[in-house]
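Please treat every number below as a calculation from the coordinates, not as lab data. Quick caveat, the model's predicted, so the values are computed rather than measured. Neighbour counts run over all protein chains shown; Cβ positions are idealised from the backbone, glycine included.
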Amino acid sequence: MLITTITPLSDFCHSRIVLEMPTPSAVIPSPVSLLPLAVRLRAARLVYAGMTLFDRLDLELMGGSFTCLLGPSGIGKSSLLRLLAGLTPPGISGELHGGDGLPLTGRVAYMAQQDLLLPWLNVLDNVTLGSRLRGDRPDQQRALELLVRVGLADCALARPDTLSGGMRQRAALARTLMEDRPVVLMDEPFSGLDALTRLRLQAMAVELLTGRTVLLITHDPLEALRLGEHILVMNGRPATLHALPDLPGDPPRDPGDPAVQAAYRAILRRLEAVA
């Protein structure tokens with residue numbers, strides 16, 4: 001280990017702090033504590049405000065895969081994500097479990113569109129919030145390793161209101177990884193960012209979430225093509241799920257790649273046809 005004084009690398013972070021930081025060779029992506037976990041949803045039905053959002057909906061996520069979900073606003077994507085996260089709304093029925101047949105309880109991490117950082121806590125305390133809410137002793141060294149990975153080591157003691165939007169989302173990503181769950185659900189986590197920051201965070205997410213079972217909601221077909229090993233489209237009322245052909249190559253893909261551009265045009269035509 002290396003004891004070091006960290007001087008801010010950004011105008012957004014004002015604190016000069018002394019922390020026990022991991023040496024570069026010790027900084028590795030957080031390990032998934034379980035084997036890749038598949039997710040299975042069977043015959044899901046959700047009625048909201050008298051409207052049937054989906055009925056007998058089936059979903060299967062391959063263990064360790066990165067799946068993106070496309071679909072128009074209001075179709076039920078976020079409701080589906082909340083169902084998978086265990087935030088079951090009234091009027092829902094169906095069968096949900098992991099590929100091992102056991103409930104998903106305690107095995108899912110959730111990253112929302114908003115960063116949801118608590119403004120009165122610094123970045124480090126926000127990253128370790130889950131542990132403290134459960135009454136566990138926070139593993140601050142692991143949290144610092146994650147902050148190094150997302151490029152926020154110099155902002156560990158900074159408050160959220162001193163960070164840019166991209167930095168806040170990186171802190172939220174570190175907090176999600178801190179939970180070390182085999183299943184990660186993401187609801188448009190990069191939609192509010194500028195194009196360059198979004199591309200960087202997309203690449204970072206692919207790297208750091210390797211080995212986990214990820215479902216990411218997006219309205220951007222190009223983002224889905226860049227990140228997804230598998231892409232699903234949700235449409236109709238009640239909503240149904242349709243799988244698109246998998247693209248060759250490993251994410252994150254180059255948005256300018258001819259195969260990506262051709263698939264992008266095909267998805268747009270499909271979305272326009274069902275709009």
* Neighbour-count order for Ser65, Ser79, fewest beta carbons within 10 angstrom listed first -> Ser65, Ser79
* When you take every Cα atom in the range 35-126, what is the radius of gyration, and what is Dmax, the widest Cα pair distance, in Å? -> 15.1, 44
* To do: In square nanometres and to one decimal, what's the mean projected area of the convex hull around the Cα atoms of the range 163-275?
  => 7.7 nm²
* Structure fact -> Hull surface over four for the Cα convex hull of the chain, reported in nm², is 15.5 nm²
* Asked: Can you give me the relative contact order of the chain as a percent, contacts being Cα pairs under 8 Å and 6 or more apart?
  -> 26 percent
* Springs between alpha-carbon atoms under 10 Å, Gaussian network over the chain: tell me which of Gly99, Gly50, Gly74 tops the mean-square fluctuations. => Gly50
* Calculated FRET efficiency, Ala195 and Leu118, Cβ-Cβ r, R0 22 Å, to nearest 0.05? -> 0.20
* **0 to 90° range, to nearest 10: angle between helix 195-208 axis and the chain longest Cα axis** => 90 degrees
* Amide H neighbours of Val184 under 5 Å, at least 5 residues apart or on other chains, H built in the peptide plane: list them. => Ala109, Thr213, Val214, Leu215
* Structure fact -> As a percent rounded to 5, the proportion of antiparallel DSSP bridges among beta bridges in the chain is 55 percent
* **Size of electric dipole in the chain: Cβ of Lys, Arg +1 and of Asp, Glu -1, about Cα centre, debye, nearest 20** => 460 debye
* To do: Between Arg149, Arg175, Arg137, find the one with the highest GNM mean-square fluctuation for the chain; connect C-alpha pairs within less than 10 Å.
  => Arg137
